[in-house]
Amino acid sequence: QDVKKNDSIRINQYGREVKWLSLNGEAQDGILNFTSDDKSYSLWFDNRIQFDGGIFSNDALNPIGNGATIRRARFAIKAIIWNNWYGELDLDFSGSAVELKDAYVKYTFDSGDLNIKAGHFRESFGLETNTTSRYVTFIERSLSSKLDPSRHLGIQANHWKDKYILSGGAHFNTVGELEEVTLSQDANKDFGLDEGYAFTGRVVYRPIIDNDKVLHLGVAATYRTPQTTAEVPNSFRYSTRSYSSINRKKYIDTDDILNVDNTNMFDFELAGAYKGLMFQSEYKIVNVNRMDDLSSVNIDGFYAQAGYLLFGGKYNYNKAEGEFTRISRGKKYGDLELAFRYDYVDANDFDAEVYGGSAEGYTFGLNYHFNPNVKFMVNYVYTNNDRYANGKGKLYIGHDLNGDLTKDPADVIETNGNGGDDFGMLTMRLEMDF
Amino acid sequence: QDVKKNDSIRINQYGREVKWLSLNGEAQDGILNFTSDDKSYSLWFDNRIQFDGGIFSNDALNPIGNGATIRRARFAIKAIIWNNWYGELDLDFSGSAVELKDAYVKYTFDSGDLNIKAGHFRESFGLETNTTSRYVTFIERSLSSKLDPSRHLGIQANHWKDKYILSGGAHFNTVGELEEVTLSQDANKDFGLDEGYAFTGRVVYRPIIDNDKVLHLGVAATYRTPQTTAEVPNSFRYSTRSYSSINRKKYIDTDDILNVDNTNMFDFELAGAYKGLMFQSEYKIVNVNRMDDLSSVNIDGFYAQAGYLLFGGKYNYNKAEGEFTRISRGKKYGDLELAFRYDYVDANDFDAEVYGGSAEGYTFGLNYHFNPNVKFMVNYVYTNNDRYANGKGKLYIGHDLNGDLTKDPADVIETNGNGGDDFGMLTMRLEMDF
Amino acid sequence: QDVKKNDSIRINQYGREVKWLSLNGEAQDGILNFTSDDKSYSLWFDNRIQFDGGIFSNDALNPIGNGATIRRARFAIKAIIWNNWYGELDLDFSGSAVELKDAYVKYTFDSGDLNIKAGHFRESFGLETNTTSRYVTFIERSLSSKLDPSRHLGIQANHWKDKYILSGGAHFNTVGELEEVTLSQDANKDFGLDEGYAFTGRVVYRPIIDNDKVLHLGVAATYRTPQTTAEVPNSFRYSTRSYSSINRKKYIDTDDILNVDNTNMFDFELAGAYKGLMFQSEYKIVNVNRMDDLSSVNIDGFYAQAGYLLFGGKYNYNKAEGEFTRISRGKKYGDLELAFRYDYVDANDFDAEVYGGSAEGYTFGLNYHFNPNVKFMVNYVYTNNDRYANGKGKLYIGHDLNGDLTKDPADVIETNGNGGDDFGMLTMRLEMDF
């Protein structure tokens, strides 16, 4: 076949004669892949369906609706061309809207341990945030991980060896959601505002690393000027849903913190694995520095989690990215993963008069991995919100002197630790990656 | 080639060694497909462009604009992995908006005649609704088929043999349109409302079935609580365009029927084919049960259609799904299909004081099938709306005593059967599936 | 392998036995392609990421925000089936919104030099507009090219030989942006307005054409009735950003020109290339003919550009489309392209009392072509807007007698040629096609 084709000429649709390489089509652990013999060219798809459901306890102060959703409906196309160049286009269509996830170009030097990325992709900040939603341990990431910048436009350099990773980037706006894009374009049109920028870096050190075990230490930092994707110029806001995309309420919400000059954040990572056992934790702190005499605002949080594979499976670690990747199942027919997480975030800064609320969550997870592509996840989460976690004054957080529900922290008669809306939830996910 | 590759190792982008299967790339009747020799893996695309145009008669009471549109611009990726698992992501981009069509995972048991689906897909209700838009006989489905629930989130089991199909599912919201998703998310956020649920089942029996002929009897039923995708909580609404996506008016519209406790629907299917001749019909009835003493609302409708292939082609029937599929052309260069449909829907329930309007339509169709992937369709439709089909009071439906156009059924002087806006239309479609 | 598969039967997901052709997977200059040996079937992808950044001079009268963006995030799938039929679906997802670009079916007659297209695609008007954004010389097209109709629904016939191209089409609305689609659907729903139509034709003549050189002469014309995609029925509007998608201001803007009966436009093309040297120019004129006694409005503009490949590369010309296509690099490691453009547009028609503004731009371009798929572009543009280029009265265009900034051309004290907001910009693009 090759003989027959080698002497034939290819003309592309733009009228140009093209060079061509024969490709081998393969299903690589269920993922369609086309690669040339010399591996200078490779293209693959990366699609993902996450079908989620959630049931919430009835004794919450604010009623919560049960429901189901397509959490992610992802289509991605990724390619290595001309040996060193890589391009990725990753889109989400859940909720019948588009979100531009990754859209970037990467050049990897011949050494293989140094690359430069340019486009829209995740900043090198946050172990859990940088772990793909295919492989995070729980259905939703921890509250504190929602502090991380995640995907932004920019340029990033990455260098890694077995023992370490060095990563640094300069970043601009995000273009991941239509609303943010529109806000930023309007700020440009109406006020001529610069988009804002950020410098972000991460260092990972692995004193122990082999096929069976890893000990991972990391630290990341970012300096950020206010971005025009915010509703109000020169503002910062942290708000998050609570462990489920089905319950749409945002208990924790600082609202717009105004007159922001810059923000800096630090992240400390500690993680490790030994065969079928893993743990992972991060502590994050954000300082929102304001103009004039306004005091800066501090928000911090952390999580710690552990997982265990019951059928003899093994946790795997991705050295280039410095994060956990897909597990190895212990049995051909699957593996059962038990996991627990405690997490906490504190978006109150009483000195700065910011009352975003604080919350802790206890998450119990059970994941069944049918094969490399299909898993079923069940999470039980109990969350304890404080009395300031009232969704900017829109949610009940306790009772007043008359015994009526109140949204005002000042009126709450519950003793410390008992105010706030606390509740449990049972969430499920069926996921297929293909 | 296989020898050379068998001993090489594959590492995926997440740093994991992967198992791989060599795939055969094929164009299967114009559809790109990659399948492994053992057929445990198969992936294919399913794209569709429908370019429509429509011309409307000038004597309608309400002027109708002529125009053209991309009716569907579909991209779908579908895969069988690990023998039993199937995933599908099917998206529509017509109108420069996204609609999430199918996004689901299916597990088929080894017997091949039993499967379970989970995600977003069509409920097993409605023969015409469940027939893909690739293969429906006319450019638009009948008015009564717009009563069917179509795609919703949920879980469904299907079992079939030559003589029968049993199908049943539990369902939740739809996520097919951004507006509905937003309404549902707001209902969750603001009121903590549960999404609503439905149980749906279908039985098909085929007393006659062989390669040349089929007689198909079916019955389906569904019980539904109000869903949060509605504009108003606890409401039900039926409204539909009239045989064309180009004429944007909705003559038939019940508006929001409020205080709904639950809805049940029944569907009766009768269809058959003998070589190049087919017929298909359904009768549907919806009971909208309201709270308190409010009387329930009844809406019903039916259609009956017949088709004939002039160049010796043959109709084909899909036993697993219980519906007609692509025809076989009589000639290599194509086949010409003649078809006729009469349909009727009655969205008036005078006892319940619901005046949604009723309508009947006469549809003449001429389809030229160039090859398995390309067809050209022409439909002439004459529709006879009654005086209540006034688009919630926005459309003219006759003349008053002064001879002026009126939107109020009470003022119409036309005799029974002559009120309402009646008109003809000529619609066309060029379709390519690839 | 072929032997083993030839005797096996394929059943598609719709239950139909299918004919199949074995395909060869190839990377053709970095583009994934699947083609059958007999070339009757071919499918390929055409994805594109353009990552842009821009810095603007500080001395503009209206402050301009610096920023970055994903200018295009394109996914396209294109296929030839059954020898003569071609389908294309081309989508843009930049800004986390969908734009339907191309969605059409094409039939090419066996002679290969005659085809008919139907669907959504570019009208045959405008050399620069019809050149794909993969291959335009500068980051953004000239101001006058924004006058071209670009993509619309319709039917088009194309015939070409070495020496000439004849192209003509009948067109309807555009469906490329959600806002336009919504406006058009509302005009249909609320007023029953016809969509509008257009007839467009183009003739290209090439007195000189061989592998090394080409001289291209072209003329195009279009007659257009007002389209329902406009904000106001029976209106015409020309407005454009200035050489960058990052600066969101539209200095040039005629606002809605009302009571339009029809529009006609002419385009004159002159272009040529000799090895590594090219030039290209167009002159365009629009006549907006209004109803009653209202005088018609004239808008015109032109551009002229030249390019040179420094490392020995060559410009290539696409005979079928009549436009420049991808360059050949002089060196395996790349080629550096120098380019210059002068362009001008005049959207003022004082007689008709239309003051849309006029502008000229000097664009210096430097493009590095790493390989057929990756390039880096840098443009420096200086634009000189006149005093009427005030974005419908929203932008400063000079100083008044008090020395204050004014938006009113009547108050500007600057002498002729000195009014208007003039500024420079440095823009960059990293592009990868795959």
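FYI, it's all coordinate maths here, none of it is from the lab. The structure presented is a predicted model; accordingly, all values stated were derived computationally and were not measured. Glycine also receives a Cβ, built like all others from the backbone with ideal geometry; neighbour counts cover every protein chain displayed.
Could you give, in nm with one decimal, how far B:K275 is from each other copy of that position, shortest first, with labels 7 Å out from Cα toward Cβ?
7.1, 7.1
Any lysines with Cα under 19 Å of the B:K394 Cα? List them, leaving off those in the same chain fewer than 8 positions away.
B:K249, B:K250, B:K407, C:K189
Report relative contact order for chain C in percent, whole number only (criteria: Cα-Cα under 8 Å, sequence separation at least 6).
Over chain C, the number comes to 13 percent.
Would you look at the GNM of chain A, springs on alpha carbons closer than 10 Å, and say which of A:G417, A:G201, A:G334 moves the most?
A:G417
Scaled to the compact-protein estimate 2.2 N^0.38 Å, what is the alpha-carbon radius of gyration of segment C:46-433, rounded to two decimal places?
Normalised Cα radius of gyration, segment C:46-433: 1.00.
Would you work out which of A:P226, C:L426, C:W160 lies farthest towards the positive end of the dipole of the protein assembly as shown? Charges go on Cβ: Lys and Arg +1, Asp and Glu -1.
Going by the charge dipole, the pick is C:W160.
If R₀ is 22 angstrom, what is the calculated FRET efficiency for the pair A:E177 and C:Y368, using the beta carbon separation as r and rounding to 0.05?
Once the sixth-power term is evaluated, E becomes 0.10.
Using the Karplus equation 6.51 cos²θ - 1.76 cosθ + 1.60 (θ = phi - 60°), what ³J(HN,Hα) coupling, rounded to whole Hz, does each residue of segment C:379-390 give in order, writing x for Gly and Pro?
Those phi angles translate into 10, 10, 10, 10, 10, 10, 8, 8, 6, 8, 7, 10 Hz.
Please give the contour-minus-distance gain from C:F45 to C:M291: 0.36 nm per residue of separation, less the Cα-Cα distance, rounded to one decimal in nm.
83.9 nm
Can you list the distances in nanometres, one decimal and ascending, from the A:T225 label point to the identical position in each other copy, with the point 7 Å along Cα to Cβ?
5.3, 5.3
Copy-to-copy spacing for B:E179, label 7 Å out on the Cα-to-C-beta vector, in nm, shortest first?
Inter-copy label distances (nm, one decimal, shortest first): 2.0, 2.0.
Be a star and scan segment B:344-369 for residues whose amide nitrogen sits under 19 Å from the point 7 Å along the Cα-to-Cβ vector of B:L338.
B:362-369
In degrees between 0 and 90, to the nearest 10, how far off the longest principal axis of chain C does helix C:178-191 point, with axes built from Cα atoms?
That helix lies at roughly 80 degrees to the long axis.
Between the DSSP loop rule and a limit of at most 11 other Cβ atoms within 10 Å, which GluC sites (Glu not before Pro) in segment A:287-393 are left? The partial results should precede the final answer.
On the way: sites: A:E321, A:E323, A:E337, A:E353, A:E360; in loops: A:E321, A:E353.
Within segment A:287-393, the qualifying GluC sites (Glu not before Pro) (loop, at most 11 other Cβ atoms within 10 Å) are A:E353.
Per residue of C:174-185, what is the mean number of Cβ atoms on other protein chains within 10 angstrom of that residue's Cβ?
Per residue, the number of nearby Cβ atoms from other chains is 3 on average.
Could you work out [θ]222 nm for the protein assembly as shown from helices alone, using -39500 (n - 2.57) per DSSP H run of at least four and dividing by all its residues? Round to the nearest 500 deg cm²/dmol.
-1500 deg cm²/dmol
Of A:Y333, A:Y315, A:Y274, which is the most mobile in a GNM of chain A whose springs link Cα atoms less than 10 angstrom apart?
With Cα springs under 10 Å in chain A, the top fluctuation among A:Y333, A:Y315, A:Y274 is at A:Y333.
Only Cα pairs within less than 10 Å get springs; with that Gaussian network setup on chain C, which residue of C:N130, C:N84, C:N12 has the largest fluctuation?
Result for chain C, Cα springs under 10 Å: C:N12 fluctuates most.
Pop out the ³J(HN,Hα) list for segment C:84-99 in order, Karplus 6.51 cos²θ - 1.76 cosθ + 1.60 with θ = phi - 60°, rounded to Hz; leave Gly and Pro as x.
Each residue's phi maps through the Karplus curve to give 9, 9, 9, x, 9, 10, 10, 10, 10, 10, 5, x, 6, 9, 9, 10 Hz.
Does anything in segment C:72-87 have its amide N under 18 Å from the 7 Å Cα→Cβ label point of C:A320, and if so which residues?
C:76-87, by backbone N distance to the label point.
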